[in-house]
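What follows is a single structure, written as structure tokens, with notes after it.
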Amino acid sequence: MDSQVYEPVIGLEIHAQLLTKSKLFCGCSTQYGNPPNTLTCPVCLGHPGSLPVLNKKAVEMGIKLALSTHSNIHLRSTFARKNYFYPDLPKGYQITQYHSPLASEGYLEIEKSRSSKSIGIERINLEEDSGKSIHEGMRDSSHKTCLDFNRSGVPLLEIVGKPEISSPEEAVEFLQLFRLTLQYLKICDGNMEEGSLRCDANLSIRKKDTGQLGTKTELKNLNSFRFLQKALEYETSRQIKQIEKKNPVVQETRFWDDKQNRSVPMRSKEEAHDYRYFPEPDLPPLVINEEWVHQIEDSLPETPQQKRHRFCKEYQLPLYDAKVLTSSSRLADYYEQLAEATHNPKQASNWIMREVLQHLKENNIDIDQFRLSPQDLSELILLVEKNKVSIRAAKEKIFPEMIRSQKKASTIMEEKDLSQISDETQLRELIHKVIEKNPKPLQQYLNGKTQVVGFFVGQVMKETKGTANPQLVNQILKKVLDSYKNNS
């Protein structure tokens, strides 16, 4: 791939399933995982004579996202019928917004260590989801397709991004931030495997010295961040090869085959006129009260970006630390409680980013399932800061035992006799004993081989089972060794 000559131009289309209790136009439950076709009614199945009624909570969630992405909220918007014929679309059309969306012209800003970039959002639409086709026996003669309409009518937000993304890595970063924003707002759980957050990507190639866009393709089946990056990398390379061979890039929809690691053609890319949009006759225009918008704005939580900036400023954290600690709102809350309890924001950050996150990863759990409260962990951190226990003993012995037994740090320290030795007289006696047991290294030191200091420190730590204060051991050891040198 000649990245010096060509660059990809990428735009994402994101569908976020909203966390409402009922569907967009009827009272059926949106609960996930129920037996097929048990959460349906004449409205979401499109029976003749049934009439849709708009879910106010879904509108509120859409306004929350619009406010959090700096979008212009349209106080008057309309619904339309998007006509297409799939087996899992019972009405033969989808109720969505097109000519007059809920919001438009927003952006999200992705941050790097020394710069940031705003990526535009063209529009935010409210729409209903389709059902689900389940294919069975694909490789034998028993092949059949079953239809589950439980998902039909579930409220979605369709977010159409502008083609302002310049690399697969940027696309992943943008989607990750978007997902995190939805989760902070508590309007979508962001579960890509279950399909509650879905992403399609439009990609075209152009020469770097021109503003002219090339022919775009749309990529489907991008249900993980890894698939998104791999699909965009593949499609970028494929289109550049086509251009260099003087072959045309065909405007089409392509399916990402994660087993073969390649995109394959699905169908020609539809244009707006293919869907024959026309106003939904059974729904009046959606008119939003400006006062209601202000009430929603006042109730908004911090966005991930706002929290990152505050952590950097208030706790003096590097941007990298702040990004990790705000990777979920619950982890950010845990950090703030720990920072307050220890009065040491940097140490709180260090313990979470190393020991806590390592434990969560090894056990495949979230911070909600972590067995130590911020107050319990703060006691251990403070024991280290007060030199009552060594950092090594704290991390290797006390921390795991606290998780296992749910005992306090001070209790484990006493039971396992892990109190750090910081008494200078006691340490000096131990150091003399260690030196007397090791005359050869002592002679090496006297001959100028200062590296053996580390050997003596290790022996003292071994003698005390890791409970000696290492900083104090170093200080006293150098004085004792120098006294031997002066007396030799």
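General remarks:
- Cβ-to-Cβ counts within 10 Å put PHE85, PHE225, PHE370 in ascending order as PHE85, PHE225, PHE370, the fewest first.
- Amide N of the range 37-74 lying under 18 Å from the label point, which is placed 7 angstrom from the Cα of TRP292 along Cα→Cβ: 52-68, 72-74
- Potential lengthening between LYS57 and MET353 on full extension [0.36 nm per residue; Cα-Cα distance subtracted]: 102.9 nm
- With the simple spin-label model, which puts each label point 7 Å out from Cα in the Cβ direction, the GLN251 to SER483 separation comes to 8.8 nm.
- Neighbour-count ranking [beta-carbon atoms within 10 angstrom, fewest first] of TYR234, TYR484: TYR484, TYR234
- Principal-axis tilt of helix 374-385 within the chain, Cα atoms, nearest 10 degrees: 30
- With the charge dipole of the range 345-386 set up from +1 on Lys and Arg Cβ and -1 on Asp and Glu Cβ about the Cα centre, the Cα lying farthest toward the positive end among the listed residues ASN364, SER349, LEU377 is that of SER349.
- Toward the positive end of the charge dipole of the range 6-292, with +1 on the Cβ of Lys and Arg and -1 on the Cβ of Asp and Glu, the farthest Cα among SER115, CYS28, PRO101 is that of SER115.
- Cβ-based charge dipole, the range 231-368, positive-most Cα from LEU319, ASN261, GLN295: ASN261
- Taking the range 359-377 and a reference point 7 angstrom along Cα→Cβ of GLU193, the backbone N atoms nearer than 19 Å belong to 359-370.
- With R₀ fixed at 51 Å, the C-beta to C-beta distance from GLU396 to HIS47 puts the FRET efficiency at about 0.20.
- Distance between the modelled labels on ARG267 and GLU302, one decimal in nanometres: 4.6 nm (7 Å Cα→Cβ projection).
- Degrees separating the helix 225-244 axis from the principal Cα axis of the chain, which is the longest one: 60
- Residues within the reach of a label modelled at SER133 (point 7 angstrom out along Cα to beta-carbon, backbone nitrogen below 19 Å), restricted to the range 76-112, are 82-95.
- Computed lengthening from TYR86 to GLU436, 0.36 nm per intervening residue step minus Cα-Cα distance: 117.4 nm
- As a rough footprinting exposure proxy, the listed residues LYS230, LYS82 were ranked by other beta carbons within 10 Å of their own, and the order from fewest upward is LYS230, LYS82.
- Calculated FRET efficiency, ASN37 to SER405, Cβ-Cβ distance, R0 = 56 Å: about 0.70 to the nearest 0.05.
- Relative to the longest principal axis of the Cα atoms of the chain, helix 452-463 runs at roughly 90 degrees.
Quick note: the coordinates plus some simple rules give every number you see, no bench work behind them. None of these values were measured; they are calculated from a predicted model. When we count neighbours, we look across all protein chains shown, and the Cβ atoms used for this are built from the backbone with ideal geometry, even at glycine.
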